[in-house]
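One structure is given here, and the rest of the page talks about it.
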Amino acid sequence: MRVLFVCLGNICRSPTAEGVARHLAAEAGLGAVWEFDSAGTGDYHVGCAPDARAVRAALRRGVDLRGLRARQVLPADFDRFDLILAMDRSNLASLERIRPPGSHAELRLFLAATRPHGLAEVPDPYLGPDDGFEVVLDLCFAAAGELLPSAPVRG
Ligand code: 4NP
């Protein structure tokens, strides 16, 4: 099962989701079943490490984002991944625009299935106060925790 998390810059929300999902899969002994990646619909931060505030907040919960680097979504991602999860509706709309016809990935909002705290979107923490990164982590732990048991085990 290959999952791509997508936000705008790929330095705050989607790398956090990637790190949390990988962390939870490893804890559950499912590291071999799942493959996670993240990307941004924008190209502003390509090649950059995650935002220092996201890195600090994640490390406090045992999740290390330091090895990640931002990249932009590619048309080929729609065939490389089984599931593409957008952090908000704006990025979902951007993904729908660039999706190549006939590509096979399922595309939806990351929070759609679980709606933790009644939310359908992960709020963008980039311009806000530091506690926005705690909210992102809370939502990622809740939604990724629900995602993992739903995987069809292959092989
Ligand atoms: P992200 O946050 O989409 O969660 O990575 C953002 C990072 C950078 C910008 C916007 C959102 N920016 O406009 O540079």
Original post:
Do we find that Leu137 is at pLDDT 95 or above, open to solvent by 70 Å² or more (accessible area, probe 1.4 Å), assigned to a helix (DSSP H, G or I) and not charged (D, E, K, R) in this structure?
Top reply: no
**OP:** Select, from Ala76, Ala32, Ala113, the only residue that is aliphatic (A, V, I, L, M) and at pLDDT 95 or above.
**Re:** Ala76
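Determine which member of the set Gly128, Gly118, Gly102 is open to solvent by less than 60 Å² (accessible area, probe 1.4 Å), over 16 Å from Ala17 (Cα atoms) and away from the ligand (no atom under 14 Å from the Cβ).
Exactly one of Gly128, Gly118, Gly102 is open to solvent by less than 60 Å² (accessible area, probe 1.4 Å), over 16 Å from Ala17 (Cα atoms) and away from the ligand (no atom under 14 Å from the Cβ), namely Gly118.
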Original post:
If you go through region 36-55 one residue at a time, do you hit one that is away from the ligand (no atom under 16 Å from the Cβ), of a type in the set (Gly, Ala, Ser), without any contact (Cβ under 8 Å) to a residue 40 or more places away in the chain and over 23 Å from Ala25 (Cβ atoms)?
Top reply: no
Subject >> Unmet criterion (only one of (1) out of contact with any helix residue (DSSP H, G or I) (no Cβ under 9 Å at 6 or more places or on another chain); (2) within 16 Å of the ligand (Cβ to nearest atom)) for Arg13 >> reply: (1)
Original post:
What is the number of the single condition among (1) at pLDDT 95 or above; (2) open to solvent by 20 Å² or more (accessible area, probe 1.4 Å); (3) over 12 Å from the mean Cα position of the chain (by Cα) that Asp88 does not meet?
Top reply: (3)
Original post:
What are the residues in region 38-66 that are in contact with a strand residue (DSSP E or B) (Cβ under 8 Å, 6 or more places away or on another chain) and open to solvent by 50 Å² or more (accessible area, probe 1.4 Å), if any?
Top reply: Asp43, Val46
**OP:** Specify the residue that is surrounded by the most Cβ atoms within 10 Å (Cβ to Cβ); the eligible residues are those in region 8-37 that are among the small types (Gly, Ala, Ser) and under 14 Å from Ala86 (Cβ atoms).
**Re:** Ser14
Subject >> Residue among Phe78, Phe110 that is in contact with a Ser or Thr (Cβ under 7 Å, 6 or more places away or on another chain), among the hydrophobic types (A, V, I, L, M, F, W, C), open to solvent by less than 80 Å² (accessible area, probe 1.4 Å) and within 23 Å of Val33 (Cα to Cα) >> reply: Phe78
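The values are calculated or read from the model by the stated rules, or taken from the named source; none is laboratory data. Just so it is clear, the structure is predicted and the values come from calculations on it, not from any experiment. Every residue, glycine among them, receives a Cβ derived from its backbone with ideal geometry; neighbour counts consider all protein chains shown. For accessibility, only protein heavy atoms count, side chains too; no ligands or nucleic acids. Shrake-Rupley method; radii C 1.70, N 1.55, O 1.52, S 1.80 Å.
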